[in-house]
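Participant: What follows is a structure written as structure tokens; I'll ask about it next.
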Amino acid sequence: MTLFARPAFLLHCRRIFSGMVLFALGLGALSLAGCDLAAEFETSCTFCHRGLEHASPAHTDCADCHGGNPRAWDKRLAHRNMHGKKNPSDPQVWEKTCGRCHPDQLARVKSTLMTTNTGMIHNIQLTWEGEDGRQYGAKSLQTFDAAGEPLELAGVKDLDHLSGELYRKFCALCHVGLESNRVWAGSHASGCAACHFPYNDNATYQGGDATVQQQWPYSETHRMASLPDNRVCLRCHNRSGRIALAYQGLNDGNNGLVPTMGGEPGPVMLGGVRNAVHIAADIHFDKGMDCIDCHTSRDLMGDGYSYRNMYHQVEIACEDCHGTPDELPHTARIDRENAEPLRESRNYAVPLEYGAEMVLTARGRMYSNVVRDEGKFWVIGKRSGKRHESKVITGTAEHDIPGHKRLECYSCHSRAVPQCFGCHTEYDQSGRMTDFIKGYETPGAFSESEDYRALYPFPLALNQRGRISPVTPGCQTFVTVRDQRGELLQEEYVARFKGRNQLRFAPFYSHNTGAKAVGCGECHSNPAFLGFGQSVLTNGEIEATLLCEKSAEKPLDGFITMSEGKTRAFSAITREESRPLNGAEVQRVLAVNLCLICHANPQDPIYAQELDYGRLER
Amino acid sequence: MAVNGQIQVFWLAVVLLLLMVGPVRAAESGVNQQLPVRGAHAGLACADCHSGENQGGQISVCIDCHADQQGVLHEAMAHRRSEQAFAAAAFDKYDPQFFEKNCSSCHVIGCSDCHSGGAHATARPSREDCHRCHRGYFVGADYWGLAPREDSQRYQRGIDVDGEKYLKMRPDVHAEAGLDCGDCHSMASLAAGSPGKGCRDCHQPDSRIIEHRIAAHLERLECYACHAAWGAQEYGSFFLRVADNPMGDIFQVRREPGSEYLRSAYLKRQDAPPLGWNAAGRVSPIRPQFIAYYSDLRVGSKLENVLAAAQWKAYVPHTIRRGTVACDACHDDPRRFLLEAAERRIYLPDKDGMTLPSFWDSEGQTLSNGRFFTPEEFARLSRRSPEYVRSYIEKWKNLVKHVDTSSER
């Protein structure tokens, strides 16, 4: 068994061992006499771990996963040669445990971003001047890149640069290779169990096995979550983009720890002495959908190839279920008995049937829970079995505006976009901090302070698809370095990115989708949506009012200025091919106000063709 | 206030000492050379102030000559009646000493509270003198481009003035031009309890500006309804009475030494503030002052997150700029008039036990010196009358044509 017994209980076990052995001998004699009572004979595992829940109906033999010796009646001997101590899915041993029966899944998970963290590491390298031409993963790994070519990931422990150290000390706990057990609401096991044997907020066992009751750190129960719920995703996705918070209507805005809850900081506490308050949730959450109802197993566990960034691996898009102005969602019928959705949906509340018409992801692969049925499109809750009709936008005038062809759906349909402005990171060489990859403390400690957070309005810029998307600081990092004597080596340094010293915003889908879109006039008339930050206007001038400490003109909450009519972007948009809107685009966006004042309805026929921006001049 | 109180005691001691020594002997022994008199009093003889008749302490000494200005010692900065009334109404039932415990550090007792140079270097109060009280959330800091930061230590960084950390904001155009507080708020105005110079004492609306040609704007709007570029706003001011409960340390907020209370805000903003009607019946910026919550976190107590007040105030942000927000930021934005539609809510304070469904919904809130907009009034101002459309188009045409389309980045 995985779960160590408490000493007091063990003593109790030992005392009755002798009696048990005699009893067992007796059973042996009976079986020789033709009784099949031996089948009822229990192992030492189940004898001590009485009440422990089975992982699943298919996973009932303790030793199959855990190894050890179920016939030994001494705790030490019984636990000898167990796989991965309490967690047989730990990456140290997962080849001989989970991987024995699930080799395909293991091969995928080994290369998935949540294991390799290649995106996080690469982006930190890019933004901390740490790029050295090599590709790193949380561990060294021989794998294949997106094109199927062999790829060698170097282990990030060998990234001998501040960027590597930042990842190892600040970010490394959030990957499925490592257990995290000291973070309130942020603890998880390592390996497959990170998602499939969820921890509760406090990482203590609450199941039926008295030997581990209330003990830390353990999964909440020994029941396998073949379909992880939203809390599992929240364990990691509660920082940085915070999508698991925003999705379910939570915002950690200012560490204010109010309103209190039961006389203690509240209302919802997160690791790192942070609190979250309730905000309007994502419409999909309100309808009862889980994270995994949109995200396919390939989004999460990977598809066997190693992608450089999250947006290369994730295969889904809003349009998959909601269609485009011109095209309905794409579908294909299940016409093979071993089709992936049939296998995957076996554990769903409603398994699929051969012949079902499946909706396809942006990559053209089948969802395992989105179907077309009698002309309508349905998302079926994997855990709940609930059918959600997906509203399709095809043929709707308000979605068929030529000027909006480049917009991501969530540019208009985001309710709130968490934005953290000004991240001031200090690296103090006189301090020490745990390097989670190396597993011990090393010299050098990071600490952070911050300027301000906001949810609305939010700026837009071009993303890696050449489409207009919300962006959020990613990051506005100012680096201060102190040597061992406390002397300043660098103060509030802005790193070089894309060739110049500049701050950065990153394209971002906040997962706080609203059925009601941001109003036309609201977006077109407020320059904050274009990246100017909060501001006041005069002819040719947009004056930011919340300023960067390093400048008398530049907004803290934006990335463009306008002076004497000239727009100038002073921050980068991180992804390849991404950029802020240029002067001509800014002018076009603002010129639409001349139309909107009389034609406020987005279904107005004037928006069905390219706008004639100069019409009122003639 | 505490620091000024000490300074005042110091000066009182100096005066008393000099009185004991006697002005004549002081002059003879050359004390006046060790205490050179600078500033406004440079031309005075020692005995003008240090005569035997002036036994009543520093204030009476000053007032002997400046009787016409003693009003300042009886006006709002000294009695702070409205703050006391607010504290009493909101908190008396929970803690009758609330005002003394939380609000008493800022009030004027004597001349040297503002004239910090003292009697021997009397000068107009400097911006630092004003800032000692007009700090943080209170009007004055905003003039210099300072907005309060979130309370948690994580956000307490950046510009430091008098031990308080600020966000860097666009300063008032008058501050940029070199004007100090006293240039508008003269001694005479303070003594008379008047707000000092108004905008129109120096400026007349220029009718070449589109917005200035709109009669309703000139009749009904304060200039600063449009020209205040931003305003510090605090939504949900929590007064946490932790006393000696060690749990108070978890909050990681600044705490005045010996104070029973911690303060932590639910949300701070510093964008264009909401609008309402002020006491003069004109449209003015308004802000929470305060949406206050009381939580008694002393061991054994059970009272928490009680909405003690949901009070707004029409006020004058000292953040004047030539530019303004666009027409749409008022005419089309119900949130700005505390008329946010339920489906537009982002924050849901009532879901966390904070009583109010939205800060931007006037229902259940009060405006201490004016009133909120009604839905009908908002509908009227958002109506697209031909005049509005004409002006709107002219305004945006101007803005659009000034954008240089050649700038690539």
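Participant: Among the residues of segment A:553-572 satisfying the criterion of being in contact with a Lys or Arg (Cβ under 9 Å, 6 or more places away or on another chain) and in contact (Cβ under 8 Å) with a residue 40 or more places away in the chain, which is surrounded by the fewest Cβ atoms within 10 Å (Cβ to Cβ)?
Facilitator: Only one residue tops the list, namely A:Phe570.
Participant: With the requirement that a residue be under 15 Å from B:Lys313 (Cα atoms), of a type in the set (Ser, Thr, Tyr) and either within 14 Å of another protein chain (Cβ to nearest Cβ) or part of a loop (DSSP other than H, G, I, E, B) (or both), what does segment B:336-377 give you?
Facilitator: Answer for segment B:336-377, where residues must be under 15 Å from B:Lys313 (Cα atoms), of a type in the set (Ser, Thr, Tyr) and either within 14 Å of another protein chain (Cβ to nearest Cβ) or part of a loop (DSSP other than H, G, I, E, B) (or both): B:Ser362, B:Ser368.
Participant: Also: Filter segment A:574-584 for residues that are surrounded by 19 or more Cβ atoms within 10 Å (Cβ to Cβ) and not in a loop (DSSP other than H, G, I, E, B) and give the result.
Facilitator: Of everything in segment A:574-584, just one residue is surrounded by 19 or more Cβ atoms within 10 Å (Cβ to Cβ) and not in a loop (DSSP other than H, G, I, E, B), namely A:Gly583.
Participant: Residue check, A:Phe505 against (1) crowded, with 23+ Cβ neighbours inside 10 Å; (2) out of contact with any Gly (no Cβ under 8 Å at 6 or more places or on another chain); (3) away from chain B (no Cβ under 11 Å), all met but one. Which one?
Facilitator: (2)
Participant: Additional query: Conditions first: (1) crowded, with 19+ Cβ neighbours inside 10 Å; (2) closer than 21 Å to A:His237 by Cβ; (3) not basic (Lys, Arg). A:Trp128 passes all but one, so which condition is the exception?
Facilitator: For A:Trp128, the exception is condition (2).
Participant: Okay, moving on. What residue, among those in segment A:228-247 that are assigned to a loop (DSSP other than H, G, I, E, B) and surrounded by fewer than 22 Cβ atoms within 10 Å (Cβ to Cβ), is farthest from the other protein chains (Cβ to nearest Cβ)? Please lay out each step first, then the result.
Facilitator: Looking only at segment A:228-247, we keep the residues that are assigned to a loop (DSSP other than H, G, I, E, B), and these are A:228-229, A:235-242.
Okay, now just the ones that are also surrounded by fewer than 22 Cβ atoms within 10 Å (Cβ to Cβ), so A:228-229, A:236-237, A:239-241.
On the way: A:Pro228: 25, A:Asp229: 21, A:Cys236: 21, A:His237: 20, A:Arg239: 13, A:Ser240: 15, A:Gly241: 17 Å.
Residue satisfying both the conditions and the ranking: A:Pro228.
Participant: Sticking with this one: Can you find even one residue in segment A:585-601 that is more than 21 Å from B:Cys327 (Cβ to Cβ), hydrophobic (A, V, I, L, M, F, W, C), touching a helix residue (DSSP H, G or I) at 6+ places or on another chain (Cβ under 7 Å) and more than 9 Å from chain B (Cβ to nearest Cβ)?
Facilitator: No, segment A:585-601 contains no residue that is more than 21 Å from B:Cys327 (Cβ to Cβ), hydrophobic (A, V, I, L, M, F, W, C), touching a helix residue (DSSP H, G or I) at 6+ places or on another chain (Cβ under 7 Å) and more than 9 Å from chain B (Cβ to nearest Cβ).
Participant: Looking only at residues in segment A:145-164 that are crowded, with 19+ Cβ neighbours inside 10 Å and in contact with a Ser or Thr (Cβ under 7 Å, 6 or more places away or on another chain), which one is farthest from A:Asn117 (Cα to Cα)?
Facilitator: Looking at residues that are crowded, with 19+ Cβ neighbours inside 10 Å and in contact with a Ser or Thr (Cβ under 7 Å, 6 or more places away or on another chain), I get A:Leu151.
To keep it simple, each residue is scored yes or no on (1) among the small types (Gly, Ala, Ser); (2) at pLDDT below 95; (3) surrounded by 21 or more Cβ atoms within 10 Å (Cβ to Cβ).
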{"site": "B:Arg282", "(1), (2), (3)": "no, no, no"}
{"site": "B:Gly300", "(1), (2), (3)": "yes, yes, no"}
{"site": "B:Gln311", "(1), (2), (3)": "no, no, no"}
{"site": "B:Gly323", "(1), (2), (3)": "yes, no, no"}
{"site": "B:Ala341", "(1), (2), (3)": "yes, no, no"}
{"site": "B:Met354", "(1), (2), (3)": "no, no, yes"}
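Participant: For a quick check of your reading: which helices (runs of 4 or more DSSP H) sit entirely within segment A:45-144 and have at least 2 residues that are on the phi < 0 side of the Ramachandran plot and β-branched (Val, Ile, Thr)?
Facilitator: Hits in segment A:45-144: A:113-116, A:118-127.
Participant: Find the strands (runs of 3 or more DSSP E) located wholly in segment A:533-573 whose residues include 2 or more that are more than 9 Å from chain B (Cβ to nearest Cβ) and under 19 Å from A:Phe478 (Cα atoms), and list them.
Facilitator: Because the criterion is at least 2 residues that are more than 9 Å from chain B (Cβ to nearest Cβ) and under 19 Å from A:Phe478 (Cα atoms), the strands (runs of 3 or more DSSP E) in segment A:533-573 that meet it are A:571-573.
Conditions (1) in a strand (DSSP E or B); (2) farther than 30 Å from A:Arg485 by Cα, marked per residue:
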| residue | (1), (2) |
| --- | --- |
| A:Arg372 | yes, yes |
| A:Phe377 | yes, yes |
| A:Ser384 | no, yes |
| A:Ile393 | no, yes |
| A:Tyr410 | no, yes |
| A:Ser430 | yes, no |
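Participant: Please state which of the following conditions A:Ile437 fails to meet, knowing it meets all the rest: (1) within 22 Å of the chain's Cα centre (by Cα); (2) not in a loop (DSSP other than H, G, I, E, B).
Facilitator: Condition not satisfied by A:Ile437: (2).
Participant: For segment A:414-431, name all the residues that are crowded, with 20+ Cβ neighbours inside 10 Å and of a type outside the set (Val, Ile, Thr).
Facilitator: Across segment A:414-431, the qualifying residues are A:Ser414, A:Arg415, A:Ala416, A:Pro418, A:Gln419, A:Cys420, A:Phe421, A:Gly422, A:Tyr427.
Participant: Restricting segment B:184-211 to residues that are in a helix (DSSP H, G or I) and in contact with a helix residue (DSSP H, G or I) (Cβ under 7 Å, 6 or more places away or on another chain), which is nearest to B:Ala40 (Cα to Cα)?
Facilitator: B:Met187
Participant: Of the residues that make up segment B:67-77, is at least one out of contact with any helix residue (DSSP H, G or I) (no Cβ under 9 Å at 6 or more places or on another chain), outside any loop (DSSP other than H, G, I, E, B) and aliphatic (A, V, I, L, M)?
Facilitator: Scanning segment B:67-77, I find at least one residue that is out of contact with any helix residue (DSSP H, G or I) (no Cβ under 9 Å at 6 or more places or on another chain), outside any loop (DSSP other than H, G, I, E, B) and aliphatic (A, V, I, L, M), so the answer is yes.
Participant: Among residues belonging to segment B:260-275 that are within 15 Å of B:His227 (Cα to Cα) and not in a strand (DSSP E or B), point out the one that is nearest to the other protein chains (Cβ to nearest Cβ).
Facilitator: Of segment B:260-275, the ones within 15 Å of B:His227 (Cα to Cα) are B:270-275.
Narrowing further to those that are not in a strand (DSSP E or B): B:270-274.
Working: B:Gln270: 6, B:Asp271: 5, B:Ala272: 7, B:Pro273: 11, B:Pro274: 14 Å.
Looking at residues that are within 15 Å of B:His227 (Cα to Cα) and not in a strand (DSSP E or B), I get B:Asp271.
Participant: Please determine whether any residue of segment A:463-473 is charged (D, E, K, R) and surrounded by fewer than 21 Cβ atoms within 10 Å (Cβ to Cβ).
Facilitator: Yes, segment A:463-473 contains a residue that is charged (D, E, K, R) and surrounded by fewer than 21 Cβ atoms within 10 Å (Cβ to Cβ).
Participant: While we're looking at this one, here's another question. Quickly run through segment B:300-335 and pick out the residues that are at the interface with chain A (Cβ under 8 Å from one of its Cβ atoms), polar (S, T, N, Q) and within 28 Å of the chain's Cα centre (by Cα).
Facilitator: B:Asn305, B:Thr319, B:Thr324
Participant: Separate question: Is it true that some residue in segment B:237-247 is under 18 Å from the mean Cα position of the chain (by Cα) and within 12 Å of another protein chain (Cβ to nearest Cβ)?
Facilitator: Checked against the condition, which is being under 18 Å from the mean Cα position of the chain (by Cα) and within 12 Å of another protein chain (Cβ to nearest Cβ), segment B:237-247 yields at least one hit.
Participant: Let me ask something additional. Please go through segment A:511-532 and give me each residue that is out of contact with any Lys or Arg (no Cβ under 8 Å at 6 or more places or on another chain), more than 8 Å from chain B (Cβ to nearest Cβ) and either β-branched (Val, Ile, Thr) or not in a helix (DSSP H, G or I) (or both), ordered by number.
Facilitator: Matches in segment A:511-532: A:His511, A:Ala515, A:Ala517, A:Val518, A:Gly531, A:Phe532.
Participant: Working carefully through the options A:Ala203, A:Ala225, A:Ala193, find the one that is without any contact (Cβ under 8 Å) to a residue 60 or more places away in the chain, more than 14 Å from chain B (Cβ to nearest Cβ) and surrounded by 23 or more Cβ atoms within 10 Å (Cβ to Cβ).
Facilitator: A:Ala203
Participant: State which residue is modelled with the highest pLDDT when the search covers only segment A:49-90 and only residues that are basic (Lys, Arg) and within 19 Å of A:Ala193 (Cα to Cα). Steps first, please.
Facilitator: Filtering segment A:49-90 for residues basic (Lys, Arg) gives A:50, A:71, A:75-76, A:80, A:85-86.
Narrowing further to those that are within 19 Å of A:Ala193 (Cα to Cα): A:85-86.
Working: A:Lys85: 91, A:Lys86: 95.
Only one residue fits best here, namely A:Lys86.
Participant: Every residue in segment A:430-447 that is aliphatic (A, V, I, L, M) and within 15 Å of A:Cys174 (Cβ to Cβ), please.
Facilitator: Hit for segment A:430-447 is A:Ile437, nothing else.
Participant: Hey, another quick one. Could you tell me how many of the residues in segment B:69-97 are free of Cβ contacts under 8 Å to residues at least 40 places away in the same chain and in contact with a Phe, Trp or Tyr (Cβ under 8 Å, 6 or more places away or on another chain)?
Facilitator: 5
Participant: Quick one: in segment B:170-201, of everything that is within 30 Å of B:Gly71 (Cβ to Cβ) and among the charged types (D, E, K, R), which residue is nearest to the other protein chains (Cβ to nearest Cβ)?
Facilitator: Result: B:Asp172.
Participant: Looking at A:Gln609, A:Gln587, A:Gln603, which is the one that is within 24 Å of A:Arg504 (Cα to Cα) and out of contact with any strand residue (DSSP E or B) (no Cβ under 8 Å at 6 or more places or on another chain)?
Facilitator: On the way: A:Gln609 fails: within 24 Å of A:Arg504 (Cα to Cα); A:Gln603 fails: within 24 Å of A:Arg504 (Cα to Cα).
Going through A:Gln609, A:Gln587, A:Gln603 in turn, just one is within 24 Å of A:Arg504 (Cα to Cα) and out of contact with any strand residue (DSSP E or B) (no Cβ under 8 Å at 6 or more places or on another chain): A:Gln587.
The values are calculated or read from the model by the stated rules, or taken from the named source; none is laboratory data. All figures in this text were calculated on a predicted structure; none of them were measured in a lab. Here the Cβ is made from the backbone with ideal geometry for all residues, glycine too, and neighbour counts use every protein chain on show.
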